[in-house]
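Beneath this line is the structure, given in structure tokens, with notes to follow.
The values are calculated or read from the model by the stated rules, or taken from the named source; none is laboratory data. None of these values were measured; they are calculated from a predicted model. Cβ: placed from backbone, ideal geometry, glycine included. Neighbour counts: every protein chain shown. Ligands, DNA and RNA are stripped out before the accessible areas are found, and what is left, the full protein with its side chains, is counted by its heavy atoms. Shrake-Rupley method; radii C 1.70, N 1.55, O 1.52, S 1.80 Å.
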Amino acid sequence: MSSMVTNKDIDGGWAWVVLAATSLGMVAAGTAAVATGFLQVEFLDTFSQSTGYTSLVTSTFLCLELGMGPFSSVLCNVFSIRVAVMTGGVLMSLGLIIASFSNDLLHLLLAFGALGGAGFGLIYTPLNVILGHYFTHRQPLANGISLASCGTGLAVGAYVAIWLIDGYGWRLTVSALACVSLQFCVIGCLYFPTKHTKATLCCTRRRRIRGQCCKPETRLWFLKDARWWIMCSNYGLLMIGYGIQIVHFPAYAESVHIDHVLLPGLYTTYGVVISIARVLCGVLCNDTTVDLQMVFFSTQVLEGLVIVFMPLYAKDYVGVLAYQILVSLFYGASLVPLTPLVVQLFGVDRLSTVFGWIMLWGGAGSLAGPVIAGWLHDVTLSYSSGFHVGGLFVIAAALLILLIPGCKLATFESQDEDTVETLVHKEQTVKRPSFDL
């Protein structure tokens with residue numbers, strides 16, 4: 001295999017190997033994410049601290065999964081996507097191994113939450129952006145398949161986590177996750193670099209239009225683009241609701257007297273529906289006539305409504321099962337348009353940078369969500385209020401998407417904005433620029 005990827009490997013060839021490897025990585029990522037909810041219950045029993053304080057461990061882990069996005073994108077841009085993934089795998093494994101020996105909550109927070117979460121974060125952004133470099137015409141479909149694999153991890157991971165915790169305890173469970181984390185080093189080895197082009201896509205279009213040479217783009221160009229603020233704020237608010245779901249759902253289910261042994265089945269349902277939703281949404285979004293922004297908006301609104309009213313109907317096993325089906329359907333579909341939408345709005349040359357910052361905001365939301373819900377539980381002695389609030393945040397996130405069509409691209413001069421965006425979008429669908437991976 002050549003050390004460089006050629007044009008024949010775009011939308012075919014080695015791209016399928018990358019898709020398979022990324023999908024396996026997503027299975028591992030889904031397993032690690034779903035395990036945090038079950039570990040949260042074990043941490044409460046072991047350390048006997050408040051729900052809010054204990055939630056800092058798992059919420060920090062989930063926060064850094066997303067919040068390390070900008071740092072991960074720097075590694076991707078300065079070194080390579082391969083380096084980012086392999087570095088993350090080593091750090092995540094190290095953090096989880098240390099966490100398995102922790103005897104107090106602070107040590108657990110630093111090892112599991114901070115170090116393990118930082119490694120997870122270095123991995124997560126490359127897993128989401130790599131397919132944008134290997135696929136153009138089939139990118140939404142490839143993205144849907146990859147994200148569906150995360151649902152497989154959620155489904156299978158729940159059984160694995162419960163089996164390990166019940167049979168061997170939470171410490172060995174965390175050690176097993178550390179072993180799984182090292183597999184990201186193997187996955188990273190399969191991400192080969194491509195030839196780099198010096199001119200960026202947007203600068204090329206400006207040169208063609210005006211016959212001018214490009215000026216170097218400022219490092220903080222995105223601060224002037226309202227669409228960047230909208231996308232980041234959207235994902236931050238969305239992850240508040242997701243963080244509450246992933247961390248506190250097992251405890252909520254037990255609070256309404258769902259038998260502990262039934263929880264893996266609920267997560268299997270959650271994971272299977274997510275996988276189906278993501279594949280179907282990927283097929284839908286692969287149609288160029290589909291409005292990605294409308295799919296993004298509508299799935300988030302429906303997800304928010306499901307979460308807001310969850311405590312009113314999820315009072316027994318049937319109600320909780322119905323909730324898992326509905327929330328996984330809309331949450332699963334809502335993330336599929338994210339990467340293609342970022343490419344559509346900002347261009348593939350800016351994908352790693354923009355996606356990294358979006359993940360940072362998402363990390364802040366996933367940190368805040370479980371802590372807010374934990375504090376509300378300590379005050380009200382019920383998990384219901386946390387889900388009510390989380391659903392409202394998700395709805396607010398969706399409403400922000402409606403502002404995008406009214407925003408203008410601030411990085412180009414106003415007189416040629418429409419022309420530039422039209423040409424950029426048209427060429428993105430025809431020709432793919434090359435990047436260092």
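Among the residues of the range 18-66, the ones that are open to solvent by 10 Å² or more (accessible area, probe 1.4 Å), of a type in the set (Ser, Thr, Tyr) and either closer than 17 Å to residue 92 by Cβ or more than 23 Å from the chain's Cα centre (by Cα) (or both) come to 7 in all.
When residue 192 is tested against (1) without any contact (Cβ under 8 Å) to a residue 40 or more places away in the chain; (2) assigned to a loop (DSSP other than H, G, I, E, B); (3) hydrophobic (A, V, I, L, M, F, W, C), exactly one condition is not met: (1).
Here's the yes/no breakdown for (1) open to solvent by 20 Å² or more (accessible area, probe 1.4 Å); (2) under 30 Å from residue 344 (Cβ atoms); (3) under 17 Å from the mean Cα position of the chain (by Cα):
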{"residue": "119", "(1), (2), (3)": "no, no, yes"}
{"residue": "133", "(1), (2), (3)": "no, yes, no"}
{"residue": "148", "(1), (2), (3)": "no, yes, yes"}
{"residue": "151", "(1), (2), (3)": "no, yes, yes"}
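Select from the range 78-101 the residues that are within 12 Å of residue 175 (Cα to Cα), in a loop (DSSP other than H, G, I, E, B) and not aromatic (Phe, Trp, Tyr) and list them in ascending order. Please lay out each step first, then the result.
Our first condition is that a residue be within 12 Å of residue 175 (Cα to Cα); within the range 78-101, this holds for 92-101.
Imposing the further condition that a residue be in a loop (DSSP other than H, G, I, E, B) reduces the set to 100-101.
100, the sole residue that qualifies.
Output the residues belonging to the range 95-104 that are hydrophobic (A, V, I, L, M, F, W, C), farther than 18 Å from residue 25 by Cβ and in contact with a helix residue (DSSP H, G or I) (Cβ under 7 Å, 6 or more places away or on another chain). The answer is 97, 98, 99.
For first residues located in the range 366-390 and over 23 Å from residue 117 (Cα atoms), partners that are surrounded by fewer than 19 Cβ atoms within 10 Å (Cβ to Cβ) and of a type in the set (Ser, Thr, Tyr) and lie 6+ apart or on another chain with Cβ distances below 6 Å form the pairs 376/385; 378/50; 383/255.
So for the range 370-378 (the condition being of a type outside the set (A, V, I, L, M, F, W, C), within 30 Å of residue 224 (Cα to Cα), under 20 Å from the mean Cα position of the chain (by Cα) and in a helix (DSSP H, G or I)), does at least one residue qualify? Within the range 370-378 (the criterion being of a type outside the set (A, V, I, L, M, F, W, C), within 30 Å of residue 224 (Cα to Cα), under 20 Å from the mean Cα position of the chain (by Cα) and in a helix (DSSP H, G or I)), the answer is no, since none of the residues qualifies.
Can you tell me which residue is nearest to residue 335 (Cα to Cα) among those in the range 243-265 that are under 21 Å from the mean Cα position of the chain (by Cα) and at pLDDT 85 or above? Show your work before the answer.
Within the range 243-265, the subset under 21 Å from the mean Cα position of the chain (by Cα) is 243-250.
After this cut, where a residue has to be at pLDDT 85 or above as well, the list is 244, 249.
On the way: 244: 17, 249: 20 Å.
Restricting to residues being under 21 Å from the mean Cα position of the chain (by Cα) and at pLDDT 85 or above, the top hit is 244.
Considering the range 315-353, and only residues there that are in contact with a Gly (Cβ under 9 Å, 6 or more places away or on another chain) and closer than 12 Å to residue 128 by Cβ, the residue that is surrounded by the fewest Cβ atoms within 10 Å (Cβ to Cβ) turns out to be 351. Of all residues in the range 381-408, those that are in a helix (DSSP H, G or I) and closer than 17 Å to residue 249 by Cβ total 10. Counting only helices (runs of 4 or more DSSP H) that sit completely within the range 105-187, those holding 1 or more residues that are in contact with a helix residue (DSSP H, G or I) (Cβ under 7 Å, 6 or more places away or on another chain) and among the polar types (S, T, N, Q) correspond to 117-134, 139-168, 170-181.
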